[in-house]
Amino acid sequence: MSNSLKSRLFVWYIVSLLLIALFVILIVHVLALKNGVLFLTLLFLTLAVFGFTIIYKITKSLTYLSSRMKMISSKNLDERILDIQSSDEIGELANSFNQLLDRLHQAFKREQQFIADVAHELKTPLATLRSTLEIALNRKRSPDEYQNVIKDALAETHTLSSTLKNVLDLAWSETPQEQKNAKFFNLAELMEELLETAQKMAIGKEITVSGKFEKGIKLYGFKDKLGRAVLNMIDNAVKYTPNLGLIEMTLKKEKAKAVVKIHDTGLGIPERDLSHIFDRFYRGTSTDKIFGSGLGLAISKAIVVSHHGEIKVKSRLGQGTTFILTLPIES
Ligand SMILES: Nc1ncnc2c1ncn2[C@@H]1O[C@H](COP(=O)(O)OP(=O)(O)O)[C@@H](O)[C@H]1O
Ligand SMILES: [Mg+2]
């Protein structure tokens, strides 16, 4: 006997039908009903048609669904199953499958876009580097000129390696982490270390950085990664705040959450940029002369989300920006 659901259902169905028939024959016999045979035939036929329709529908839809699923690959992720419209379990299965395809399709498109963006970001500095070197080799030059060429080339390699590092960080933060390497660490300690780094970064612009950190908050996760997430915000605060500005860093416990705030008195973020600043490679519309790759906040967000937290931003143009990072703490 075949192992398919169809044949098993069919056997089960025939056996039940025979049993019912036997039972009814007995009753008809005992009660000695008139038209007993006609009644029996009608009952038998009705049950047969009814049962067969149900079994047929279920198995046909399942076979159809499975054949459609086999046909889906990365090339036709945009296809959907639209010809099963019933509101029963089979319809629900088709629906769930369509939703799964939606999510896969979105993820696949994001990856493709990301690869295109990375290639684009690496192409420009590489092309500049190459033409700088080619022009330098055109004819003999003085040592001073060579030195300038080498300086330019070095600057381009810096851009390249910083973009690459960011891309790798982003890839790390977006793959699900092996929790076995996660540890408990002291958040106030991390913030103290970051405050010191921030003060060093801000010296050149004479920006004052202050910090106020509630002690005794322990967080379970990756200290260096979370440090990186906050550092990216500090880096922005320094970059986008004019000379002599202020930066305030705070850490507080609110309910079962740790709340980190990075506030600056800088340029602020225009309304039109606000909904995009966490996108990969997105750079604000007024950042032309400020170095950056547009990956900082995307990395911060991915790291914070992998720690089950969230980032919010409040900003007023010309007045300043506050990034608010909320992280659940285990108690
Ligand atoms: N503290 C801030 N003040 C003003 N603008 C900011 C601040 N932080 C982020 N931004 C805006 O968000 C954009 C994205 O930030 P980010 O992802 O770190 O990229 P990058 O700093 O390399 O431009 C920036 O280009 C900038 O326009
Ligand atoms: Mg940045």
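The number of residues in segment 153-167 that are buried (at least 16 other Cβ atoms within 10 Å of the Cβ) and not aliphatic (A, V, I, L, M) comes to 4. Of all residues in segment 85-99, those that are over 16 Å from Thr63 (Cα atoms) have Cβ atoms under 7 Å from Cβ atoms of residues that are surrounded by 12 or more Cβ atoms within 10 Å (Cβ to Cβ) and not small (Gly, Ala, Ser), 6 or more apart or on another chain, in Asn98/Arg80; Asn98/Ile81.
Any residue in segment 307-327 that is near ligand 1 (Cβ under 8 Å from one of its atoms), of a type outside the set (D, E, K, R), open to solvent by less than 40 Å² (accessible area, probe 1.4 Å) and in a loop (DSSP other than H, G, I, E, B)? Scanning segment 307-327 turns up no residue that is near ligand 1 (Cβ under 8 Å from one of its atoms), of a type outside the set (D, E, K, R), open to solvent by less than 40 Å² (accessible area, probe 1.4 Å) and in a loop (DSSP other than H, G, I, E, B). Across segment 290-306, the number of residues qualifying as polar (S, T, N, Q) and within 8 Å of ligand 1 (Cβ to nearest atom) comes to 2.
Within segment 179-191, restricting attention to residues that are surrounded by 15 or more Cβ atoms within 10 Å (Cβ to Cβ) and part of a helix (DSSP H, G or I), the residue that is farthest from the chain's Cα centre (by Cα) is Ala188.
Restricting attention to segment 61-78, the residues being assigned to a helix (DSSP H, G or I) and touching a Lys or Arg at 6+ places or on another chain (Cβ under 9 Å) number 2.
Among the criteria (1) surrounded by 13 or more Cβ atoms within 10 Å (Cβ to Cβ); (2) assigned to a loop (DSSP other than H, G, I, E, B), the one Pro176 does not fulfil is (1).
The values are calculated or read from the model by the stated rules, or taken from the named source; none is laboratory data. Quick caveat: nothing in here was measured; it's all calculated off a predicted structure. So basically every Cβ, Gly included, is an ideal-geometry build from the backbone, and we count neighbours across all protein chains shown. Heads up: the accessible areas ignore ligands, DNA and RNA and are worked out on the full protein's heavy atoms, side chains in. Shrake-Rupley method; radii C 1.70, N 1.55, O 1.52, S 1.80 Å.
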